[in-house]
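Student: Sharing a structure with you now.
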């Protein structure tokens, strides 16, 4: 993708949230900002399932609702299919890793 689409993606994340929490049961999700992580629901408001907002292996947040493998450690975070058998990602789909803001800046 071109620089314009990268810019637009980053601007959307500044408004909607840098990171994503996703329900491991129904796949529902919501975006969140790092400074408000403590306000992210622990359970899904739609089905009551557990909300995954960080990789269970390395504890890094992730940016895509469709993430199956961690963007940092590449270990699987959740099943590659939903509970009804639908694949979460297309084969060969590319993920975008947003830059982390420098806390010292």
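We did not get these values from a lab; they are worked out from the coordinates using the rules stated. Computed from a prediction, not measured in an experiment: that's the story for all the values here. Positions of Cβ are generated from backbone atoms using ideal geometry, with glycine treated the same way; all protein chains shown enter the neighbour counts.
Student: Among 52, 8, which comes first, second and so on when ranked by fewest other beta-carbon atoms within 10 Å? Before the final figure, lay out each step's value.
Tutor: Working: 52 17, 8 12.
Neighbour counts put them in this order, fewest first: 8, 52.
Student: Using only the alpha carbon atoms of segment 1-86, find the Kirkwood hydrodynamic radius as the inverse mean reciprocal pair distance, in angstroms to one decimal.
Tutor: For segment 1-86, inverting the mean 1/r across all distinct Cα pairs yields 13.7 Å.
Student: Using 7 Å Cα-to-Cβ label points, what is the residue 39/residue 73 separation (nm, one decimal)?
Tutor: For the pair residue 39/residue 73, the computed spacing is 2.9 nm.
Student: OK, next. For residue 54 and residue 10, FRET efficiency with R0 = 25 Å and r from the beta-carbon atoms, rounded to 0.05?
Tutor: 0.75
Student: Expressed in nm to one decimal, what extension gain is obtained for the pair residue 86 and residue 31 from 0.36 nm per residue of sequence separation less their Cα-Cα distance? Walk me through the intermediate numbers first.
Tutor: On the way: separation 55, 0.36 × 55 = 19.80 nm, distance 2.23 nm.
Between residue 86 and residue 31, full extension yields an extra 17.6 nm.
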